[in-house]
Amino acid sequence: MNHKASIEFVNIHKSYQRTVVLENLNLTVAPGEHVVIIGPSGSGKSTILRLLMTLEKPDSGEILIEGESVWHTTRDGRNVDASPAHIRRMRGKVGMVFQHFNLFPHLRVLQNITEAPIRVMGMPRSQAVRRATDLLDRVGLADKAEAWPAELSGGQKQRVAIARALALQPRIMLFDEITSALDPEIAGQVLQLVLDLAKQTEMTMLFVTHQMRFARQIADRVLFFDRGRIIENGTPEQVLDHPQQPRTREFLNNVFQAS
Amino acid sequence: MLHMLPMMLRGALVTGEVTAGAIVVASVASSCAVAMRLSTLTALDWPARVYIELFRGTSALIQLFWAFYALPLVLPFRPSPIITAIVVLGLNGGAYGAEILRGAILSVPRGQHDAATALNFSATTKVFRVVLPQAWPLILPPMANLFIDMLKNSALAGLVQVTDITFNAQILQESTLRNAEVYGLALVIYFIMALVLAGFMRLLERRMKFPVGARI
Amino acid sequence: MMWNWSFAWHILPTILHGMVITIEATILGMLLALVLGLFWAGLLLLPNRWIFWSTRGITEFIRDTPLLIQLFFCYYVLPEIGITIPALLTGITVLGINYSAYTAEVYRAGLQNIPRGQWDAAKALNFTTWQTFTRIILPQAIPPIVPAMGNNLIAMFKDTPLLSTITVMEMLDRAMIIGDKTFRYLEPLTMVGILFLIISLMASALIGFTQRKILVRR
Ligand SMILES: Nc1ncnc2c1ncn2[C@@H]1O[C@H](COP(=O)(O)OP(=O)(O)OP(=O)(O)O)[C@@H](O)[C@H]1O
Ligand SMILES: [Mg+2]
């Protein structure tokens with residue numbers, strides 16, 4: 001398995017109505033790699049993660065997860081649209097944490113986490129509860145199991161959302177600006193949690209973030225993105241300290257001025 | 001006035017039956033219609049649209065008269081008045097109910113759909129465990145109003161031979177000529193029935209509440 | 001029994017004649033509802049509990065009882081207390097009173113959306129209460145509620161067939177008379193239904209249009 005790439009985008013095109021978001025995108029991520037995507041607003045960063053999470057479907061091209069196409073299968077030697085069952089199996093390999101948490105407001109914290117293991121994996125309730133309790137402990141919210149999401153602070157909500165995504169034990173985790181709705185101090189705590197998590201697991205991880213310090217700490221590789229294209233691609237030192245493209249330099253200047 | 005009461009109360013029972021029956025029909029019809037409206041297949045979408053526009057665009061009384069006087073001429077059989085009334089008033093309410101359901105379902109934020117997909121929920125789990133529970137609190141208050149409208153609309157059934165409050169009131173009025181008493185009593189009975197129905201719906205509403213945050 | 005086109009053409013003028021009365025009743029009824037509803041809404045603003053609760057009680061009773069029975073009540077009881085007016089006028093009055101309970105709610109919502117600061121500013125400029133209400137508050141409160149009032153107008157339009165039960169010769173009444181005479185109900189009733197459908201669809205489209213206009217302007 002290890003020789004296979006964890007994620008491959010091959011000639012991906014994606015547009016919404018009139019706006020072309022991604023044009024002929026090619027991207028490969030190795031198993032266990034931590035990739036940080038940076039870039040200006042509207043450049044298509046979220047779209048990449050949403051495509052991987054199958055929240056969006058590419059207009060053309062192939063997305064491969066662990067060497068297997070997400071949207072297509074071969075039948076009688078021909079490439080055909082994959083069945084919903086196939087797509088769901090592929091989707092099961094990926095988990096995602098959202099900018100605005102997207103917790104289920106009608107379910108208590110513990111239920112937010114146990115719902116998917118029980119209904120998607122068919123896990124017995126007692127086992128799901130045990131796992132959820134462990135995860136809550138790991139994100140430092142053991143005492144909030146019976147709280148409603150509305151009773152939590154932003155940072156706490158995001159911790160629950162992380163635990164919820166982890167409960168399905170995905171092989172790939174996607175983090176889309178998970179701290180941009182949080183106060184800087186709280187954001188730091190959540191990012192520390194993610195850093196610890198990244199050390200403890202072998203998951204492939206993709207991050208979209210504007211936190212350059214965090215990017216430096218966690219990234220094996222940084223991609224700078226502009227208007228749906230990868231402008232720069234390298235180690236944190238290469239991209240953040242010695243950017244080759246004027247566009248990257250301009251963006252980084254703006255980010256550093258803002259912070 | 002007391003001697004009118006038994007007959008009016010018998011009418012109230014029938015009014016209750018017609019209303020309850022119509023509410024059941026409306027619930028089924030609006031659920032089907034909204035499922036068709038929200039499906040991605042246009043072949044399902046447009047019949048539901050036609051149904052909703054047809055029943056919302058014309059008047060309940062015309063629908064009822066049409067079903068009672070014109071429809072039996074094309075049907076091979078003649079349904080009983082009470083069945084006709086229940087079906088027509090139910091379909092009428094269902095058209096309004098479908099719009100209530102649609103508005104509430106569409107107001108569940110996209111992030112909730114995203115989260116459900118990201119957790120690999122099946123379509124059914126998504127609908128029944130994520131979307132509908134959040135739509136409920138938005139559905140119940142306008143539904144309560146709709147049900148009260150349906151109770152009031154059930155009075156029209158009395159015009160097509162259903163022996164409800166209205167029908168019995170008309171008979172009493174003709175035989176006693178005590179107009180104010182008969183129709184005053186009818187108004188009060190309808191009012192009480194509406195209050196009971198509203199109270200019941202409020203109870204249901206209270207049981208469906210959960211603490212909703214500004215942004216989850 | 002099949003649809004008979006020549007019969008349909010033959011009765012069309014009679015039904016269209018009824019439509020004039022239908023529209024007349026709708027417009028006059030709505031005017032009454034607009035005025036009376038504003039009156040209720042004004043009473044609800046007064047700082048007097050007794051007035052507030054009795055107004056609430058009246059409008060609640062009107063909204064929770066069937067229009068049909070309200071019509072019967074007035075049609076039979078008004079002459080008893082010495083008021084003999086044409087059935088059409090009774091119908092218009094009852095429609096207007098009935099819908100005033102709904103327009104009152106619309107006005108109230110519109111008035112509640114005016115920030116307190118507007119009242120304060122008017123007071124600071126030494127306007128009288130009446131001036132404040134008519135020159136400052138109402139002009140701001142009315143435009144946003146136009147669509148809701150339009151929906152009430154359509155709803156009232158669809159309730160006018162009830163007037164046929166008190167002998168008002170509007171569309172449905174004429175259709176039923178034709179049906180009773182010829183034993184052909186299919187054509188007249190279907191035609192009335194279609195006419196209602198056309199008018200309410202057009203009116204809905206118009207309301208949607210004004211709503212977008214108002215949204216753009218704000
Ligand atoms: N559902 C949609 N419908 C139409 N256009 C969309 C939709 N989602 C995204 N877009 C457009 O696609 C482009 C890329 O969006 P995307 O969310 O990927 O940007 P982003 O890089 O994540 O930006 P940000 O930093 O602001 O989150 C933007 O121009 C956006 O307006
Ligand atoms: Mg984004």
Query raised in the report: Which condition number in (1) modelled with pLDDT of 95 or more; (2) within 16 Å of ligand 2 (Cβ to nearest atom); (3) of a type in the set (D, E, K, R) is the one that A:ASP220 fails?
Result: (2)
Report task. Taking A:PHE251 as the residue in question, decide whether it is within 16 Å of ligand 1 (Cβ to nearest atom), more than 14 Å from every other protein chain (Cβ to nearest Cβ) and touching a helix residue (DSSP H, G or I) at 6+ places or on another chain (Cβ under 9 Å). Result -> no
Query raised in the report: So A:PRO184 clears everything in (1) open to solvent by 20 Å² or more (accessible area, probe 1.4 Å); (2) more than 16 Å from ligand 1 (Cβ to nearest atom); (3) in contact (Cβ under 8 Å) with a residue 60 or more places away in the chain except one condition, right? Which one?
Result: (3)
Requested in this report: Sort through A:GLU62, A:GLU56 and tell me the only one that's out of contact with any Leu (no Cβ under 9 Å at 6 or more places or on another chain), closer than 26 Å to A:VAL80 by Cβ, charged (D, E, K, R) and within 16 Å of ligand 1 (Cβ to nearest atom).
Outcome: A:GLU56
Query raised in the report: Can you name the condition, by its number, that A:HIS72 falls short on among (1) under 12 Å from B:ASN120 (Cα atoms); (2) open to solvent by 10 Å² or more (accessible area, probe 1.4 Å); (3) not acidic (Asp, Glu)?
Result: (1)
Query - Condition check for C:ARG108: under 28 Å from B:VAL196 (Cβ atoms), in a helix (DSSP H, G or I) and modelled with pLDDT under 95 - result: yes
Requested in this report: Among the numbered conditions (1) open to solvent by less than 60 Å² (accessible area, probe 1.4 Å); (2) more than 9 Å from chain B (Cβ to nearest Cβ); (3) among the hydroxyl-bearing types (Ser, Thr, Tyr), tell me where C:THR167 comes up short.
Outcome: (1)
Requested in this report: Tell me, please, whether a residue that is more than 9 Å from ligand 1 (Cβ to nearest atom), at pLDDT 95 or above, open to solvent by less than 10 Å² (accessible area, probe 1.4 Å) and not small (Gly, Ala, Ser) can be found in region A:42-50.
Outcome: no
Query raised in the report: Within region A:198-235, which residues are touching a residue at least 40 places away in the same chain (Cβ under 8 Å), part of a loop (DSSP other than H, G, I, E, B) and under 22 Å from A:GLN169 (Cβ atoms)?
Result: A:GLU202, A:MET203, A:ASP220
Requested in this report: Scan region A:151-174 for residues that are open to solvent by less than 20 Å² (accessible area, probe 1.4 Å), more than 12 Å from chain B (Cβ to nearest Cβ) and touching a strand residue (DSSP E or B) at 6+ places or on another chain (Cβ under 9 Å) and jot them down.
Outcome: A:ILE162
Query raised in the report: In region A:188-213, what residues are more than 14 Å from chain B (Cβ to nearest Cβ) and within 16 Å of ligand 2 (Cβ to nearest atom)?
Result: A:PHE207, A:VAL208, A:THR209, A:HIS210, A:GLN211
Report summary line: The condition of being within 12 Å of another protein chain (Cβ to nearest Cβ) and either open to solvent by less than 50 Å² (accessible area, probe 1.4 Å) or in contact with a Phe, Trp or Tyr (Cβ under 9 Å, 6 or more places away or on another chain) (or both) holds, among A:LEU110, A:LEU135, A:LEU103, only for A:LEU103
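The values are calculated or read from the model by the stated rules, or taken from the named source; none is laboratory data. This is a predicted model, so every value here is computed, not measured. No Cβ is skipped: glycine too gets one built from the backbone with ideal geometry, and neighbour counts run over all protein chains shown. SASA here: full protein model, heavy atoms, side chains in, ligands and nucleic acids out. Shrake-Rupley method; radii C 1.70, N 1.55, O 1.52, S 1.80 Å.
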